[in-house]
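Single-structure report; data block below.
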Amino acid sequence: RGSIVLDVRVVTIADEYILLLADDQTEIVRAQSIRNDFVANVSHELKTPVGAISLLSEAIEDAAADQEAVRHFAASLHRESARLSALVQDIIELSRLQGTDVVAEGTAVDMNRAVHEAVDRSRLAAESKNISIKFGGSVRTPVFGDPDMLVTAVRNLIDNAVRYSPEDTRVGVGLRERGGMVQVTVTDQGPGISEAEQDRIFERFYRVDSARSRQTGGTGLGLSIVKHVMAQHGGEVSVWSQPGRGSTFTLLLPPMDDPEEHQDPVPAGG
Ligand code: ADP
């Protein structure tokens, strides 16, 4: 912590003066190391389903005569390929979101519709666990941004609430204007998250319980995607939770006509 990386060159001028050129590489090296970590994590995460798919297809070949075994392996193959597909989709989404100025071509987004759509898309998963999703509230001001990304962010929170909650519980989704911001909340009656874990769950591939996350179709990238979508929209995501008392995730987005949020950037050098 606090160390810097310098690229130093020594130049002698006319045998008389020595010029020391120090180029600060700290940021470049840091970005490189984050990228290398990501590539290492991605390779690790991809290897599991790819390996499983390869083994399962061999097993199906070997068990061709045994109908029951074939059915069993085929079901596992289906699960693993769905997992691989979700993972690849999330990796592509996250890579895109890490670019600069992703929402340059944004529009006015009606959050009433965006949240409604996110709720609708999560309903099937909720019904399979007999979880009811209650959506309440509305806003008058639109948000400037990318509607698909905003739906994805809200949906990732609702999907998590459903994924980690026990059956027969309720998930509450709220939308309102608060302190000049557009606020979306997703509350569940799930296991909750300890304070120590709350800092880490927004990191890529971090899971509190990795077996549970994988089993239920989690990729470990959902909250990281939410965080990046918020950053791209000048908003933020936060969590309130206590073990045993459920969790509430909150998105705060600046309204579209907030003049401070939409100043043109000052041109470089002028
Ligand atoms: P995943 O695909 O594993 O759900 P996320 O990035 O969406 O990845 O979440 C990271 C981790 O945070 C999850 O693995 C889970 O342990 C924890 N988590 C997220 N949302 C909730 C929630 N509503 N209740 C309890 N734990 C949660």
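Pairs only if they're at least six apart or on different chains, beta carbon under 9 angstrom, first in segment 196-210 and among the β-branched types (Val, Ile, Thr), second open to solvent by 60 Å² or more (accessible area, probe 1.4 Å) and more than 6 Å from the ligand (Cβ to nearest atom); list them, first residue then second. Close Cβ pairs (under 9 Å, with a partner that is open to solvent by 60 Å² or more (accessible area, probe 1.4 Å) and more than 6 Å from the ligand (Cβ to nearest atom)) amount to 208/200.
Residues of segment 200-220 include none that is touching a strand residue (DSSP E or B) at 6+ places or on another chain (Cβ under 6 Å), within 30 Å of residue 35 (Cα to Cα) and not basic (Lys, Arg). When you go through 21, 87 one by one, which is the residue that is touching a residue at least 40 places away in the same chain (Cβ under 8 Å) and not hydroxyl-bearing (Ser, Thr, Tyr)? Of the residues listed, the single one that is touching a residue at least 40 places away in the same chain (Cβ under 8 Å) and not hydroxyl-bearing (Ser, Thr, Tyr) is 87.
Screening residue 131 on (1) within 13 Å of residue 152 (Cβ to Cβ); (2) open to solvent by less than 40 Å² (accessible area, probe 1.4 Å) shows it passes everything except condition (1).
Look at residue 115 and say whether it is closer than 22 Å to residue 177 by Cβ and either within 16 Å of the ligand (Cβ to nearest atom) or buried (at least 24 other Cβ atoms within 10 Å of the Cβ) (or both). Yes: the conditions hold for residue 115.
Step by step: first the residues of segment 189-221, then only those that are on the phi < 0 side of the Ramachandran plot and open to solvent by less than 20 Å² (accessible area, probe 1.4 Å), then the one that is modelled with the lowest pLDDT. Which residue is that?
Selected residue: 213.
Count of segment 144-188 residues, restricted to those that are more than 16 Å from the ligand (Cβ to nearest atom) and within 16 Å of residue 220 (Cα to Cα), is 0. Among the residues of segment 53-65, is any assigned to a helix (DSSP H, G or I), at pLDDT below 95 and under 21 Å from residue 207 (Cα atoms)? For segment 53-65, residues assigned to a helix (DSSP H, G or I), at pLDDT below 95 and under 21 Å from residue 207 (Cα atoms): absent.
Within segment 231-254, the set of residues being away from the ligand (no atom under 11 Å from the Cβ), buried (at least 22 other Cβ atoms within 10 Å of the Cβ) and more than 13 Å from residue 144 (Cβ to Cβ) comprises 251 only. In segment 225-254, the residues that are touching a residue at least 40 places away in the same chain (Cβ under 8 Å) and under 19 Å from residue 165 (Cα atoms) reach residues that are more than 13 Å from the ligand (Cβ to nearest atom) and of a type in the set (S, T, N, Q) with C-beta atoms within less than 9 angstrom, at least six apart or across chains, in these pairs: 250/183.
The values are calculated or read from the model by the stated rules, or taken from the named source; none is laboratory data. Since this is a predicted model, take the numbers as computed values, not measurements. Cβ atoms come from the backbone with ideal geometry, glycine included; neighbour counts cover every protein chain shown. Side chains are part of the model used for accessible areas, which takes the heavy atoms of the whole protein and leaves out ligands, DNA and RNA. Shrake-Rupley method; radii C 1.70, N 1.55, O 1.52, S 1.80 Å.
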